[in-house]
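As structure tokens, the structure follows; a few thoughts come after it.
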Amino acid sequence: MKKSQAKRFKLPPLSVLPAFSATARTGSLTLAAAEMHLTPGAVSRQIKALEDALGTPLFHRSHNAIALTAAGRQFLTHVNGALATLETGARAVSPERSRLVIQAPITIARRWLIPRIGSYRQAHPSEDLVIQSLALGAAEPADITITYRRCGDSDDHALAFLVDRTLAVCSPQFFARSERELDTRDVLGLPILLDTADAWSWRRWCDAAAIPFEPKGGSIGFDTDEAAIDACISGLGIAQVSPAFIEKELRSGQLIALCPSISPIVGAYEIARRAPSGTPDSFSAWLSQWAHAEI
């Protein structure tokens, strides 16, 4: 009599693994859905199907947040490893590869482009991407250059893929030290963080709040948005920041918005240069999709 074979473990549906990985990386069903060009409901159903197949919850769900369970964190390491292996294999057998060099200001590169670029790579697996910070100088000629233009609410934003609004934010610890609710004039009585020498964002915010720009609590100046955001998270003062750059921090409570109804436009991000080839055009089209979602 032959010895019976051990029952083979049934794999979960592999098609839903990218949705699980994207949701875990972004911490948001909405962001994962936008990245995968699906609806949040479709992503939620894929994750539910994966959880049902595994017989264990992978996320803790609350009204406005989603976070990995212990099982989810353990499973994520295997999923990301498997997806990376598949991507490497696909690259190895791809007959043609191209290279796209993108130059962008450091803050939008780190806080807006990198969290979203995964969806472009999924749609264009044969392209190798190089992202250069304009602040550090160009290492090689760019196919795409993203630039920043100051502007106001009444200016033309037709060429922008991201309109830059400003919002007054601070860390919860800093707000607790004020010991009371703040109105617009109270804000300028506390230490403020500047991301430009002329306090452009703060002056636009004060104009929108109909108050004079008269900071009485002192200031710390920086030469990049990124440095001002880091200082704000560290509790050094109140900063003016684009909500698009601090989605994760606002969602997690690492930063809180002050006077959230005041959020004037301070600038726009545009594509300033593109090479005469199909690859940059596809990247421009991808940026335009985000423009329709976020402007």
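Bear in mind that the values in this text are calculations on the coordinates, not laboratory data. Bear in mind the structure is a predicted one, so any value in this text is a computation, not a measurement. Cβ sites come from the backbone with ideal geometry, for glycine too, and all protein chains shown count toward neighbours.
How many angstrom lie between the C-alpha centres of the stretch 213-249 and the stretch 20-45?
Centre-to-centre (Cα) distance: 29 Å.
Whole-Hz Karplus ³J(HN,Hα) for the stretch 36-51, in order, using 6.51 cos²θ - 1.76 cosθ + 1.60 and θ = phi - 60°, x for Gly and Pro?
With the stated coefficients, the stretch 36-51 comes to 9, 6, 10, 8, x, x, 5, 5, 4, 5, 5, 5, 4, 4, 5, 4 Hz.
Based on other C-beta atoms within 10 Å, arrange 286, 112 from fewest to most.
With the fewest neighbours first, 286, 112 line up as 286, 112.
Out of (1) 21.6; (2) 22.6; (3) 19.6, which label holds the value of Kirkwood radius over Cα pairs in Å that was computed here?
Among (1) 21.6; (2) 22.6; (3) 19.6, the one derived from this structure is (1).
Quick one: helix 70-93 against the long Cα principal axis of the chain, what's the angle to the nearest 10°, folded into 0 to 90?
Approximately 80 degrees, to the nearest 10.
Enumerate lysine pairs in the chain that are 8 or more residues apart or on different chains, then count those whose Cα atoms are under 28 Å apart. Don't jump to the answer; show the numbers that get you there.
Working: 2/10; 7/48; 10/48; 48/248.
Step by step, the pairs that qualify in the chain add up to 4.
Which of 11, 117, 246 sits closest to the plus end of the dipole of the chain, meaning its Cα is farthest towards the positive end, when Lys and Arg get +1 and Asp and Glu get -1 on the C-beta?
Farthest towards the positive pole: 11.
Kindly express, to the nearest 10 degrees and within the range 0 to 90, the angle between helix 200-209's C-alpha long axis and the longest C-alpha principal axis of the chain.
Its long axis makes an angle of about 80 degrees.
Using C-alpha positions alone, give me the convex hull volume of the stretch 190-267 per residue in cubic angstrom.
Values: hull volume 7.1 nm³, N = 78.
Cα convex hull per residue, to the nearest whole number: 91 Å³.
Given H placed on each backbone N at 1.01 Å, which residues far from residue 235 in sequence or on other chains put an amide H within less than 5 Å of it?
For residue 235, the qualifying residues are 171.
In terms of modelled amide H atoms, which long-range or inter-chain residues lie less than 5 Å from the amide H of residue 146?
The answer is 103, 104, 272.
Non-local amide H neighbours of residue 255 (under 5 Å, H modeled in plane, Pro and chain starts lacking H): which ones?
Residues meeting the criterion, in which the H sits 1.01 Å from N, are 250.
Is there a quick way to get the dipole size of the chain? I mean about its Cα centre, with the Cβ of Lys and Arg at +1 and of Asp and Glu at -1; what is the value in debye to the nearest 20?
Details: 30 positive and 30 negative charges, 369 e Å.
Charge dipole of the chain: 1780 debye, to the nearest 20.
Output ³J(HN,Hα) for the stretch 16-27: one whole-Hz value per residue in order, computed from phi by the Karplus curve 6.51 cos²θ - 1.76 cosθ + 1.60 with θ = phi - 60°, and x for Gly and Pro.
My calculation for the stretch 16-27 gives 8, 5, x, 5, 4, 5, 5, 5, 5, 6, 8, x Hz in order.
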